[in-house]
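Quick notes on the structure that follows.
The values are calculated or read from the model by the stated rules, or taken from the named source; none is laboratory data. The structure displayed is predicted, hence computed values, not measured ones. Because the Cβ atoms are built from the backbone with ideal geometry, glycine has one as well, and the counts that use them run over all protein chains shown. Areas reflect the complete protein model, heavy atoms only, side chains present, ligands, DNA and RNA absent. Shrake-Rupley method; radii C 1.70, N 1.55, O 1.52, S 1.80 Å.
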Amino acid sequence: MSRYHRDPNPFDEEEVNPFSNGATAPGSKTRIPPLGPEPVGFGHNDATVDIPLDTMNDPKKKQKELAAWEADLKRREKEIKRREDAVAKGIVLCLFFNVIAVLVNWIRGGGVKIFLLASIYALSGIPMSYVLWYRPLYRAMRTDSALKFGWFFLFYLLHIGFCIFAAIAPPIVFHGKSLTGILPAFDLISDHLLVGIFYLVGFGLFCLESLLSLWVLQKIYMYFRGHKGDN
(Lines give C-alpha, C1' and ligand atoms only; values in the text may rest on other atoms or scores of the structure.)
Protein backbone atom coordinates (compact mmCIF):
# COMPACT_ATOMS: atom_id res chain seq x y z
CA MET A 1 0.00 0.00 0.00
CA SER A 2 1.52 3.00 -1.21
CA ARG A 3 1.80 6.10 1.13
CA TYR A 4 1.12 9.54 -0.28
CA HIS A 5 3.49 12.15 0.98
CA ARG A 6 2.83 15.81 0.30
CA ASP A 7 5.93 17.83 -0.27
CA PRO A 8 5.97 21.23 1.35
CA ASN A 9 5.29 24.10 -0.91
CA PRO A 10 8.47 26.16 -1.12
CA PHE A 11 6.47 29.32 -1.68
CA ASP A 12 4.20 28.79 1.25
CA GLU A 13 4.89 31.15 4.14
CA GLU A 14 4.48 30.13 7.69
CA GLU A 15 2.58 32.53 9.84
CA VAL A 16 4.40 33.34 12.99
CA ASN A 17 2.90 35.33 15.82
CA PRO A 18 5.33 38.21 16.38
CA PHE A 19 4.08 38.60 19.96
CA SER A 20 4.73 35.01 20.97
CA ASN A 21 7.55 34.33 23.38
CA GLY A 22 8.62 31.16 21.71
CA ALA A 23 11.74 30.98 19.51
CA THR A 24 11.38 30.64 15.85
CA ALA A 25 12.31 27.29 14.54
CA PRO A 26 15.46 27.17 12.52
CA GLY A 27 14.85 27.22 8.84
CA SER A 28 11.34 28.58 9.18
CA LYS A 29 10.31 31.67 7.30
CA THR A 30 8.99 34.60 9.24
CA ARG A 31 6.26 36.73 7.84
CA ILE A 32 7.10 40.34 8.54
CA PRO A 33 4.00 42.44 8.94
CA PRO A 34 3.88 45.32 6.44
CA LEU A 35 4.76 48.72 7.80
CA GLY A 36 1.81 51.04 7.87
CA PRO A 37 2.07 54.70 7.06
CA GLU A 38 3.70 56.63 9.86
CA PRO A 39 1.85 59.53 11.38
CA VAL A 40 2.44 62.73 9.60
CA GLY A 41 4.82 64.99 11.44
CA PHE A 42 7.01 62.30 13.01
CA GLY A 43 10.14 61.89 10.89
CA HIS A 44 8.71 62.98 7.55
CA ASN A 45 10.15 66.10 5.92
CA ASP A 46 7.14 66.76 3.72
CA ALA A 47 4.87 67.46 6.66
CA THR A 48 3.86 71.12 7.04
CA VAL A 49 3.47 72.67 10.45
CA ASP A 50 1.93 76.12 10.82
CA ILE A 51 3.93 78.28 13.22
CA PRO A 52 2.69 81.81 13.87
CA LEU A 53 5.39 84.11 12.60
CA ASP A 54 4.11 87.01 14.66
CA THR A 55 4.96 85.11 17.81
CA MET A 56 8.51 84.43 16.67
CA ASN A 57 9.25 87.85 15.21
CA ASP A 58 7.34 90.01 17.70
CA PRO A 59 10.37 91.05 19.82
CA LYS A 60 12.41 91.91 16.73
CA LYS A 61 9.50 93.81 15.25
CA LYS A 62 9.06 95.85 18.42
CA GLN A 63 12.79 96.55 18.51
CA LYS A 64 12.76 97.77 14.90
CA GLU A 65 9.74 99.97 15.56
CA LEU A 66 11.45 101.45 18.61
CA ALA A 67 14.63 102.16 16.64
CA ALA A 68 12.61 103.79 13.85
CA TRP A 69 10.72 105.90 16.40
CA GLU A 70 13.96 107.06 18.01
CA ALA A 71 15.46 107.96 14.62
CA ASP A 72 12.33 109.90 13.68
CA LEU A 73 12.41 111.71 17.05
CA LYS A 74 16.05 112.75 16.56
CA ARG A 75 15.31 113.95 13.04
CA ARG A 76 12.32 115.91 14.28
CA GLU A 77 14.34 117.48 17.09
CA LYS A 78 16.96 118.65 14.60
CA GLU A 79 14.24 120.11 12.41
CA ILE A 80 12.68 121.81 15.44
CA LYS A 81 16.06 123.29 16.38
CA ARG A 82 16.57 124.63 12.86
CA ARG A 83 13.08 126.16 12.79
CA GLU A 84 13.58 127.65 16.25
CA ASP A 85 16.88 129.24 15.26
CA ALA A 86 15.31 130.79 12.18
CA VAL A 87 12.30 132.05 14.14
CA ALA A 88 14.21 133.46 17.12
CA LYS A 89 16.95 135.50 15.36
CA GLY A 90 14.88 137.91 13.29
CA ILE A 91 12.67 139.58 15.82
CA VAL A 92 15.43 140.01 18.44
CA LEU A 93 17.62 141.97 16.04
CA CYS A 94 14.69 144.08 14.88
CA LEU A 95 13.53 145.09 18.35
CA PHE A 96 16.99 145.89 19.70
CA PHE A 97 17.96 147.87 16.62
CA ASN A 98 14.66 149.69 17.00
CA VAL A 99 15.78 150.70 20.50
CA ILE A 100 19.13 151.94 19.16
CA ALA A 101 17.52 153.98 16.37
CA VAL A 102 14.98 155.53 18.74
CA LEU A 103 17.81 156.28 21.19
CA VAL A 104 19.60 158.22 18.46
CA ASN A 105 16.38 160.09 17.77
CA TRP A 106 15.98 160.87 21.47
CA ILE A 107 19.52 162.23 21.63
CA ARG A 108 18.77 164.46 18.65
CA GLY A 109 15.73 165.91 20.43
CA GLY A 110 13.01 163.32 19.84
CA GLY A 111 11.99 163.02 23.52
CA VAL A 112 12.43 160.33 26.14
CA LYS A 113 8.92 158.95 25.79
CA ILE A 114 9.60 157.23 22.47
CA PHE A 115 12.76 155.64 23.90
CA LEU A 116 10.85 154.22 26.86
CA LEU A 117 8.20 152.80 24.52
CA ALA A 118 10.84 151.25 22.28
CA SER A 119 12.45 149.66 25.34
CA ILE A 120 9.08 148.26 26.40
CA TYR A 121 8.58 146.77 22.94
CA ALA A 122 11.93 145.00 23.17
CA LEU A 123 11.66 143.83 26.77
CA SER A 124 8.10 142.55 26.39
CA GLY A 125 8.14 141.45 22.76
CA ILE A 126 10.88 138.85 23.11
CA PRO A 127 9.39 136.91 26.07
CA MET A 128 5.90 137.23 24.58
CA SER A 129 7.19 135.76 21.33
CA TYR A 130 8.69 132.87 23.28
CA VAL A 131 5.45 132.19 25.15
CA LEU A 132 2.96 132.76 22.35
CA TRP A 133 4.54 131.05 19.35
CA TYR A 134 8.12 129.96 20.01
CA ARG A 135 7.23 127.46 22.73
CA PRO A 136 3.95 126.31 21.11
CA LEU A 137 5.89 125.49 17.95
CA TYR A 138 8.29 123.32 19.92
CA ARG A 139 5.46 121.49 21.66
CA ALA A 140 3.45 121.10 18.49
CA MET A 141 6.31 119.46 16.60
CA ARG A 142 7.10 117.24 19.57
CA THR A 143 3.55 115.99 20.07
CA ASP A 144 2.04 116.37 16.56
CA SER A 145 -0.94 118.05 18.18
CA ALA A 146 -3.21 119.81 15.71
CA LEU A 147 -4.48 122.08 18.51
CA LYS A 148 -0.96 123.24 19.37
CA PHE A 149 -0.19 123.80 15.70
CA GLY A 150 -3.35 125.89 15.46
CA TRP A 151 -2.27 127.92 18.49
CA PHE A 152 1.11 128.54 16.88
CA PHE A 153 -0.37 129.57 13.51
CA LEU A 154 -2.77 132.01 15.19
CA PHE A 155 -0.17 133.90 17.20
CA TYR A 156 2.49 133.68 14.53
CA LEU A 157 0.14 135.40 12.12
CA LEU A 158 -0.27 138.14 14.74
CA HIS A 159 3.52 138.36 14.93
CA ILE A 160 3.73 138.77 11.15
CA GLY A 161 1.04 141.42 11.32
CA PHE A 162 3.02 143.33 13.93
CA CYS A 163 6.19 143.18 11.80
CA ILE A 164 4.33 144.54 8.76
CA PHE A 165 2.76 147.26 10.91
CA ALA A 166 6.17 148.17 12.38
CA ALA A 167 7.69 148.35 8.89
CA ILE A 168 5.09 150.96 7.97
CA ALA A 169 4.73 152.53 11.46
CA PRO A 170 1.66 154.69 10.90
CA PRO A 171 1.05 157.27 13.66
CA ILE A 172 -1.68 155.22 15.32
CA VAL A 173 -1.73 152.81 18.27
CA PHE A 174 2.02 153.15 18.87
CA HIS A 175 3.08 156.62 19.97
CA GLY A 176 5.00 158.91 17.68
CA LYS A 177 8.21 157.59 16.24
CA SER A 178 8.80 154.70 18.63
CA LEU A 179 8.95 152.26 15.70
CA THR A 180 11.46 152.53 12.87
CA GLY A 181 9.05 152.31 9.94
CA ILE A 182 9.10 153.86 6.52
CA LEU A 183 6.74 156.74 7.38
CA PRO A 184 8.76 158.14 10.32
CA ALA A 185 11.94 157.57 8.30
CA PHE A 186 10.65 159.92 5.57
CA ASP A 187 9.70 162.50 8.19
CA LEU A 188 13.10 162.42 9.87
CA ILE A 189 15.46 162.14 6.92
CA SER A 190 14.87 165.73 5.83
CA ASP A 191 15.60 167.19 9.28
CA HIS A 192 18.13 164.71 10.65
CA LEU A 193 19.86 162.65 7.99
CA LEU A 194 21.60 160.34 10.45
CA VAL A 195 18.41 159.59 12.35
CA GLY A 196 16.59 159.02 9.08
CA ILE A 197 19.24 156.52 7.96
CA PHE A 198 18.86 154.61 11.24
CA TYR A 199 15.12 154.48 10.74
CA LEU A 200 15.55 153.28 7.14
CA VAL A 201 17.79 150.46 8.36
CA GLY A 202 15.16 149.56 10.95
CA PHE A 203 12.53 149.60 8.22
CA GLY A 204 14.64 147.18 6.17
CA LEU A 205 15.04 144.86 9.16
CA PHE A 206 11.31 144.76 9.81
CA CYS A 207 10.71 144.01 6.12
CA LEU A 208 13.30 141.23 6.27
CA GLU A 209 11.70 139.85 9.42
CA SER A 210 8.29 139.86 7.74
CA LEU A 211 9.60 137.93 4.74
CA LEU A 212 11.52 135.51 6.93
CA SER A 213 8.46 134.93 9.09
CA LEU A 214 6.33 134.21 6.02
CA TRP A 215 8.97 131.72 4.85
CA VAL A 216 9.03 130.01 8.25
CA LEU A 217 5.23 129.91 8.33
CA GLN A 218 5.14 128.27 4.90
CA LYS A 219 7.75 125.68 5.85
CA ILE A 220 6.00 124.75 9.08
CA TYR A 221 2.62 124.61 7.34
CA MET A 222 4.05 122.27 4.67
CA TYR A 223 5.55 120.13 7.41
CA PHE A 224 2.21 120.03 9.20
CA ARG A 225 0.31 119.06 6.04
CA GLY A 226 2.83 116.47 4.98
CA HIS A 227 3.13 114.88 8.40
CA LYS A 228 -0.62 114.68 8.88
CA GLY A 229 -0.93 113.22 5.38
CA ASP A 230 1.50 110.42 6.28
CA ASN A 231 -0.52 109.57 9.36
So is Tyr138 in contact (Cβ under 8 Å) with a residue 12 or more places away in the chain, in a helix (DSSP H, G or I), on the phi < 0 side of the Ramachandran plot and open to solvent by 50 Å² or more (accessible area, probe 1.4 Å) or not? yes
Does region 108-129 hold any residues that are of a type outside the set (A, V, I, L, M) and assigned to a helix (DSSP H, G or I), and which are they? Arg108, Gly109, Gly110, Lys113, Phe115, Ser119, Tyr121, Ser124, Gly125, Pro127, Ser129
Of those in region 104-116 that are surrounded by 17 or more Cβ atoms within 10 Å (Cβ to Cβ) and of a type in the set (A, V, I, L, M, F, W, C), the residue farthest from Met222 (Cα to Cα) is Trp106
State which residue is farthest from the chain's Cα centre (by Cα) when the search covers only region 181-226 and only residues that are of a type in the set (Ser, Thr, Tyr) and either closer than 30 Å to Thr143 by Cβ or at pLDDT below 95 (or both). Ser190
Hey, can you tell me all the residues within region 172-231 that are in a loop (DSSP other than H, G, I, E, B), crowded, with 21+ Cβ neighbours inside 10 Å and polar (S, T, N, Q)? Ser178, Thr180
